[in-house]
Amino acid sequence: MKRILATFAIASALTLAGCSDDHDHDHDHDHDHDVINRLVLTVAAEGETERSFVWEDADGDGGNNPNRIDTVKLSANKIYTGTVTVFNTLETPSKDLTGTIRTDGKEHQFFYTVTNGIASIEYADQDERGRPLGLAIRLTTTTAANGTLQVELQHFDNENDKTGTNRSDETDINLTFPVVVQ
């Protein structure tokens, strides 16, 4: 009987050791989460050629500063439609994460902050519950000036916490483009 109990105790210890709760997550939520290290903002206005602006941090968060931050150059007093595409270029081949964010839209929302009154931004898409997502936007410029455009992707562990106006305590990416409206 002692031999059976000893065998059971060893087997239990090995099983528990293999089921550790110590997981290496980028965030403190329990789902796979990719690194976003490249964001492309594409805009187009009537009568103008579509343009893309890139923010990229080749080595990911931490380490070196971003290696590319394009200046967003727009015309004054125009209405632009825009889209955001996000990638993990640290994987080979690089991974477009935009579809995942769209699919998990109830858990994500882009927030946009523009300085110096150079533009206003409206959401042009929604998640399945009708709350803003922000992969598609409408950007309306004002008069010629310089400023910045902050793009922040928030992640909500609990989809019920996403109201469309509140921010989460988890940020998947937070970056700032310089903007010139001429």
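Note the count of lysine pairs whose C-alpha atoms are less than 30 angstrom apart in the stretch 33-181, limited to pairs 8 or more residues apart or on different chains.
Final tally of qualifying lysine pairs is 4.
Please list 3J(HN,Hα) in residue order for the stretch 135-142, calculated via the Karplus relation 6.51 cos²θ - 1.76 cosθ + 1.60 where θ = phi - 60°; whole Hz, with x for glycine and proline.
Values, residue by residue: 6, 10, 9, 10, 10, 10, 7, 10 Hz.
Based on the Cα gyration tensor of the stretch 33-181, what are the three equivalent ellipsoid semi-axes, each the root of five times an eigenvalue, rounded to whole Å and given largest first?
Taking √(5λ) for each eigenvalue gives 24, 20, 14 Å, largest first.
If I model a spin label at ASP96 and THR42 as a point 7 Å from the Cα along the Cα→Cβ vector, what separation in nanometres do I get?
Each label point lies 7 Å from its Cα, and together they span 0.8 nm.
Using amide H atoms built in the peptide plane, which far-off residues or other-chain residues are under 5 Å from ALA124 H to H?
Those lying under 5 Å, H to H, from ALA124 are GLY134, ALA136, ILE137, ARG138.
Return the long-range amide H neighbours of THR148 (sequence gap of 5 or more, or a different chain), with a cut-off of under 5 Å between placed amide H atoms.
Distant-sequence amide H within range of THR148: THR115, VAL179.
Provide the per-residue ³J(HN,Hα) series for the stretch 111-117, in order, calculated from phi with Karplus coefficients 6.51, -1.76, 1.60 and θ = phi - 60°, each as a whole number of Hz, with x at glycine and proline positions.
Taking θ as phi minus 60°, the curve returns 10, 10, 10, 10, 9, 6, x Hz for the stretch 111-117.
Coordinate-derived values only; no laboratory data. Model, not experiment: these values are computed from the prediction. Positions of Cβ are backbone-derived with ideal geometry, glycine not excepted, and every protein chain shown enters the neighbour counts.
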